[in-house]
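For reference, the structure is listed below as structure tokens.
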Amino acid sequence: MSQSFDVVVIGAGPGGYIAAIRAAQLGLSTACIEGNPYDDPKGEPRLGGTCLNVGCIPSKALLASSHHYEDATQHLGEHGITVKGASLDVAKLVARKNGIVDKMTGGIQYLFKKNKVTLLKGYGAFVGQTDGLTQVKITDKDGKEEVVSAKNVIIATGSKARHLPMVAVDNKIVCDNEGALNFDAVPKKLGVIGAGVIGLELGSVWRRLGAEVTILEAMPAFLGAADGAIAKEAKKLFEKQGLKFDLGVSIGDVKVDKKGVKVAYTNAKGEAQTLDCDKLIVSVGRVPNTDGLNLEAIGVKTNERGFIEVNHDCQTAVAGVWAIGDVIPGPMLAHKAEDEGVAVAERIVGQKPHIDYNCIPWVIYTSPEIAWVGQTEEVIKVSGRAYKTGQFPFMANGRALGMASADGFVKVIADATTDEILGVHIIGAGASDLIAEAVVAMEFKASSEDIARICHPHPSLSEVMREAALAVDKRALNM
Ligand code: FAD
Ligand code: NAI
């Protein structure tokens, strides 16, 4: 007899594995299907999805290592510390990153055992529905098949890198995120197509390690999704660090030969250009992954961009079938996928969780970091809502000066009448942690005065948040 579960989750990324753990915590018999071995030497499926294997975690490990290298070679002098003979072992740096990934993915195996989640190794595909149960076929790496049934199926199959038709990715010379995390040496010249989150983070990693990095971007505006003031400051600081940008380009032929890569493109003025580089990263967004799911078997629909269609509760139009994370519309972020995983598990047992999508924070882990939550000034302006802003620089903060990390500022936007916080935008050291205060404030519908009145530790970077909130009412104390 085939195995039957209350919940079967397809995909063990941050959306899927968290959904499985939460469902099991709630007393539901739960299985999670995962087939991707990523770089596993034995070809066994690895848990954690894009995030742990080829996304958030490895990129942040490389960002940390490259930050230390740049400090040692360029920035420690101002502290009176001289480092002689600093050298770089790329193989060791990448091995450290791999060690962290191994530890994290292994940790999920442990969590599955602890929470009694059954791991079904292989790729899942829908077979059909009978008597209120959905059947899913799992095919393992040796081609062995098993069909399980479930009262509820959660599709959490994530996303994959979008490629361009004229650019063949081999993940050796021309790389998407997977190859770009595993270079065996620092390229002398690195080209990047796409000045989005991956282009900026991985471009920064290899620049800090010594590559000359040029980023080609199709849009005429830099970081269009960010608040305009933040984007302007970011571009200025990144260019000062040595990143080169060409905006408003149109990519033409990309040729690879023994000497490297030649990217033909047209710049914003319509002039033909060529970028010669040793390696090229293609980071032009990600696409939802529904490969091989056989959605037709149960009638689940995708929209014109390939995302699975769901309602506000992550339900598809088919009873008992849910979808979460990168495979559905919305920001492609690990914490968004996780929150949806928790919410769906809770909805299955009849609870009424709520996700406020306006309060999902964004972070770009460059140096300085960029983080925001809520609306940008540009969006609020267009909406016609009356607002006021307060801005405060890290330069006027003692802790930031002590850390030699005084670039950037915090900007708070609040409703002109009620003072409710509408958006908080940070470029500066520690922005990834500082933004959490703004998220809590917005979740509780706080006013800028609430943050301004709360005691913040001194000396700390969080005082910049408070001063920016005070500045909304034109009463910053240290400026
Ligand atoms: P995924 O993590 O993509 O997981 C889906 C899983 O489903 C995969 O393991 C896949 O193998 C599996 N799967 C697919 N089809 C099947 C099938 N048929 N059967 C069984 N299994 C299947 N987000 C952040 O919030 N912060 C960051 O710092 C960050 N950094 C990133 C850096 C990079 C380089 C990249 C590429 C992404 C980054 N992201 C970051 C985005 C983040 O990784 C994704 O938003 C997140 O992983 C989405 O989670 P998910 O569970 O929806 O899908
Ligand atoms: P992205 O959407 O952030 O940026 C892609 C960029 O490529 C855009 O600026 C776009 O205009 C540009 N582009 C698209 N087509 C182009 C073309 N033909 N020529 C030149 N430029 C072109 O996508 P990215 O960087 O690939 O990352 C994918 C997603 O992964 C992100 O949107 C984000 O959701 C997630 N991610 C999150 C991170 C974080 O939270 N810190 C880090 C890395 C990725």
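The numbers here are math on the coordinates, done by the rules we state, and not lab data. Remember, predicted model here, so these are calculated numbers, not experimental data. Every residue, glycine among them, receives a Cβ derived from its backbone with ideal geometry; neighbour counts consider all protein chains shown.
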Check: Counting DSSP beta bridges with both partners in the chain, what percentage is antiparallel, nearest 5?
Finding: 60 percent
Check: So for segment 174-284: antiparallel DSSP bridges make up what percent, rounded to the nearest 5?
Finding: 45 percent
Check: What number in nm² do you get for the chain if you take the convex hull of its Cα atoms and divide its surface by four?
Finding: 25.6 nm²
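Counting other Cβ atoms within 10 Å of each Cβ, which trypsin sites (Lys or Arg not before Pro) in segment 94-134 have at most 14 and sit in a DSSP loop? Intermediate results must be reported in sequence, preceding the final value.
Values: sites: 96, 97, 103, 113, 114, 116, 121; in loops: 116.
Passing sites in segment 94-134 are 116.
Taking 1 over the mean of 1/r across every pair of different Cα atoms in segment 93-180, what Kirkwood radius in Å do you get?
Hydrodynamic radius (Kirkwood, Cα only) of segment 93-180 equals 16.7 Å.
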Note to self: If I take every Cα pair under 8 Å that is 6 or more residues apart in segment 170-252, average their sequence separation and divide by the length, what percent do I get for the relative contact order?
What the structure shows: 28 percent
Notebook entry, point to check: For 302, 376, 82, what's the fewest-to-most ordering of other Cβ within 10 Å of each Cβ?
Noted result: 82, 302, 376
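Rg to Rh ratio, segment 359-472, alpha-carbon atoms and Kirkwood radius? Present the calculation step by step, with values, prior to reporting the outcome.
Working: Rg = 13.0 Å, Rh = 13.7 Å.
My calculation of the ratio gives 0.95.
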Notebook entry, point to check: Which order results if 387, 17 are arranged by neighbouring Cβ count within 10 Å, fewest first?
Noted result: 387, 17
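What net charge is computed for the residues neighbouring residue 160, neighbours being all others with C-beta under 14 Å from the C-beta of residue 160, Lys and Arg scored +1, Asp and Glu -1? It would help to have the intermediate numbers written out before the result.
On the way: positive: 162, 286, 305; negative: 176, 178, 291, 326.
Around residue 160, the surrounding residues sum to -1.
Sum up the charges of everything whose Cβ sits under 10 Å from the Cβ of residue 26, counting Lys and Arg as +1 and Asp and Glu as -1, but leave residue 26 out. Display every interim value, and only then the final one.
Values: positive: 22; negative: 6, 346.
Its environment carries a net charge of -1.
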Next item on the list: At 7 Å along the Cα-to-beta-carbon direction for both residue 168 and residue 474, put a label point, then send me their distance in nm to one decimal.
Entry: 6.4 nm
Margin query: Sequence gap at least 6, Cα distance under 8 Å: using those rules, report the relative contact order of the chain to the nearest whole percent.
Written below: 14 percent
Item checked: Charge context of residue 457, other residues only, Cβ under 12 angstrom, K/R +1, D/E -1 -> 0
Next item on the list: Once you've got the Cα coordinates, tell me which of 189/255; 92/336; 236/262 are over 23 Å apart.
Entry: 92/336; 236/262
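Exposed loop sites here are GluC sites (Glu not before Pro) in DSSP loop states with at most 12 other C-beta atoms within 10 Å. What is the longest stretch of the chain lacking them?
Working: sites that count: 271, 304.
The segment 1-270 is the longest one with no such site.
Of the trypsin sites (Lys or Arg not before Pro) in segment 379-479, which ones lie in a loop per DSSP and count no more than 16 other C-beta atoms within 10 Å?
Numbers: sites: 381, 385, 388, 399, 411, 445, 453, 466, 474, 475; in loops: 385, 445, 474, 475.
The qualifying sites are 385, 445, 474, 475.
What Kirkwood radius, in Å to one decimal, follows from the Cα pairs of segment 174-284?
14.0 Å
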